[in-house]
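The structure appears right after this line, and notes come after that.
The values are calculated or read from the model by the stated rules, or taken from the named source; none is laboratory data. These numbers come from a predicted model, not from an experiment. A quick note on method: Cβ atoms are made from the backbone with ideal geometry, for glycine too, and the neighbour counts reach across all protein chains shown.
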């Protein structure tokens, strides 16, 4: 059987301290991969450091204007499609470490978006982002942000969390190695070449940061494609880097992204 080819697209904004640990974990698992580091420009020092790391690990490097997470990912995907050959393209945050990378499931599936088990340092499970399509929870979350109501917002979050945790417990107890889900966490997402060929660039560049998981889920649904969670791949998401360095009002960016996403969803622009 031919060895699968992977491309990792890693968008970096200021946080260059985590990238090498991720690249070393890719190397340690002997993944047949090329790496594309996308520098969302902050200053010349971080640009130089990012370029040096890419050169050290024989990766590809592109520098772009900082127009957000989705914009950076899309430019990395465009570069990969133009210059590289791959079976799967992985969008990864820089503050991720690969703990297990078994490609058995991937070898037999070419038409899905796939997510690993993702744990934070505190032990929290981040995948799946949404286990099922939940329009009621989404409505509460949207209204909560729009009208600045914590009660409405937390009601939507609680509905989703209850369903998510119940399904996740069942999945972990079962012997089956994978399950269909609605939305995957955005810190580590595996796209098959077939999926990207069909849907094109998967990220909405009107959303500067956040909400890309829900947008992608509805984009796949519209194209009759599925997301799958597998136990065969596991990663640690440190969550210690880019957010703390972003110099952004994160709650404001989250609010804007959610409202933009939900407005487009209601207008069927996703």
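For the stretch 2-15, give me the residue count where each residue is more than 14 Å from the chain's Cα centre (by Cα) and closer than 11 Å to residue 95 by Cβ.
Counting residues in the stretch 2-15 that are more than 14 Å from the chain's Cα centre (by Cα) and closer than 11 Å to residue 95 by Cβ gives 1.
Scan (1) at pLDDT 85 or above; (2) surrounded by 17 or more Cβ atoms within 10 Å (Cβ to Cβ) for the single condition residue 209 breaks and write down its number.
So the condition that residue 209 fails would be (1).
Just a yes or no: is a residue in the stretch 20-41 free of Cβ contacts under 8 Å to residues at least 24 places away in the same chain and surrounded by 18 or more Cβ atoms within 10 Å (Cβ to Cβ)?
The answer is no, given that none of the residues of the stretch 20-41 is free of Cβ contacts under 8 Å to residues at least 24 places away in the same chain and surrounded by 18 or more Cβ atoms within 10 Å (Cβ to Cβ).
To keep it simple, each residue is scored yes or no on (1) in contact with a strand residue (DSSP E or B) (Cβ under 7 Å, 6 or more places away or on another chain); (2) modelled with pLDDT of 95 or more; (3) under 22 Å from residue 191 (Cα atoms).
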site: 63; (1), (2), (3): yes, yes, no
site: 92; (1), (2), (3): yes, yes, yes
site: 100; (1), (2), (3): yes, yes, yes
site: 125; (1), (2), (3): yes, no, yes
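Among the residues in the stretch 55-64, are any over 24 Å from residue 179 (Cα atoms), crowded, with 21+ Cβ neighbours inside 10 Å and in contact with a helix residue (DSSP H, G or I) (Cβ under 6 Å, 6 or more places away or on another chain)?
Scanning the stretch 55-64 turns up no residue that is over 24 Å from residue 179 (Cα atoms), crowded, with 21+ Cβ neighbours inside 10 Å and in contact with a helix residue (DSSP H, G or I) (Cβ under 6 Å, 6 or more places away or on another chain).
Only one of 201, 184 is within 21 Å of residue 8 (Cβ to Cβ), out of contact with any strand residue (DSSP E or B) (no Cβ under 9 Å at 6 or more places or on another chain), modelled with pLDDT of 90 or more and surrounded by 15 or more Cβ atoms within 10 Å (Cβ to Cβ); which? Step through it out loud before you land on a result.
Numbers: 184 fails: out of contact with any strand residue (DSSP E or B) (no Cβ under 9 Å at 6 or more places or on another chain).
The unique qualifying residue is 201.
If a residue has to be under 15 Å from the mean Cα position of the chain (by Cα) and free of Cβ contacts under 8 Å to residues at least 40 places away in the same chain to count, how many in the stretch 207-235 make the cut?
0
Search the stretch 150-189 for residues being touching a helix residue (DSSP H, G or I) at 6+ places or on another chain (Cβ under 7 Å) and assigned to a loop (DSSP other than H, G, I, E, B), and hand back the single one that is nearest to residue 19 (Cα to Cα).
186
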